[in-house]
Amino acid sequence: MIVHPRQDGDTPLIRTWKQLAYEDMMDTQKCIWMDAGVVDYQLCPLKKNCDQCDFYKDMNRGHSKHSSDKEPLQIHLHDPIKSLVHFTPGLQYVKGHFWYKRVAADRIRIGIDSFLWQFFSSLQKVIIPKSQTLLLPRQCLSWIAIESGIIYLKTPVPGRIQKINPLFEIQDLQDAHLYLCPDHELWFVELDAFDLSNLVSLHKDEFLNMLHDDFSLFSSLSPASEGGAGRYGESVISKAEFSKYLLNISDNQVFIC
């Protein structure tokens, strides 16, 4: 439940999540599949709340049915390098490789750490809902288009977008190697957060232990059957296995389709 002061100074107006969501549905924008260039034209009436969208479900079913023709069954991944991942003071790292930073009383910036960014080195585009979009719990805050699919990032905290990182307003980010940038520069949005109570910050040792476990888990993934390995510093694994891996290490907040 969200409380907003009334203009006349009387009793605050109380609005629920559903009421806020309904108000935001009045402003329609492009579908994620249109932004990514998969379809020529499709609008989104749900503020990119893909989990509730029938068109999104149909597209996923269609891609699964024809995966042998349209989607690679294996994916080439940059092998993560431990020395490129750092615990940055001033950022609050949380489970799932997300971080946030307070920039005002209830306003935060949200990003992901360089461990995840290393997997997305074939970056083509980053798509983010526009300013003032309401993000409900576990709703997508960004989509990252890479060579082999679209990465979905679900917000670890609900709120309303107030600002977008100008870096991601560039239309073409081909192979930008963003994992070489400091984490604090790679925030996606500034968000007026409605509830930070469920975000538990990791101490440095906890963060490093999480990294160790997830590096080890990646090393244990089975190579794809064709060829087994890619170029030096690159692994070739099945897309389905990588999808399961992402969901596992991100607390079900990151996946690929």
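The values are calculated or read from the model by the stated rules, or taken from the named source; none is laboratory data. The shown structure was predicted, so the numbers you read here are calculated from the model rather than taken from an experiment. Because the Cβ atoms are built from the backbone with ideal geometry, glycine has one as well, and the counts that use them run over all protein chains shown. Just the protein is used for accessible areas: all its heavy atoms, side chains included, with ligands, DNA and RNA removed. Shrake-Rupley method; radii C 1.70, N 1.55, O 1.52, S 1.80 Å.
Per residue, the stretch 110-211 exposes 38 Å² of accessible surface when a 1.4 Å probe is rolled over the protein heavy atoms with every protein chain present.
In this structure K101 has an accessible area near 80 Å², from a 1.4 Å probe over the protein heavy atoms.
Between Q132 and Q29, residue separation times 0.36 nm minus the direct Cα-Cα distance comes to 35.8 nm.
Computed over the stretch 114-257, the P(r) tail beyond 28 angstrom holds 21 percent of alpha carbon pairs.
The order of E241, E147, E190 by accessible area, most exposed first and with a 1.4 Å probe, is E147, E241, E190. Each label point was placed 7 Å from the Cα along the Cα-to-Cβ direction; for H212 and N252 their separation is 2.8 nm. For W99, the solvent-accessible surface computed with a 1.4 Å probe is close to 10 Å², ligands and nucleic acids excluded. A Förster distance of 25 Å, applied to the separation of the beta-carbon atoms of I170 and H86, puts the FRET efficiency at 0.50.
The residues T88, T133, sorted by heavy-atom accessible surface at 1.4 Å with ligands and nucleic acids left out, run T88, T133 from largest to smallest. Estimated at the nearest 10 Å², the accessible area of I81 is 70 Å² with a 1.4 Å probe.
The apolar share of the surface of the stretch 118-193, taken as the fraction of accessible area on carbon and sulfur atoms (1.4 Å probe, ligands and nucleic acids excluded), comes to 48 percent.
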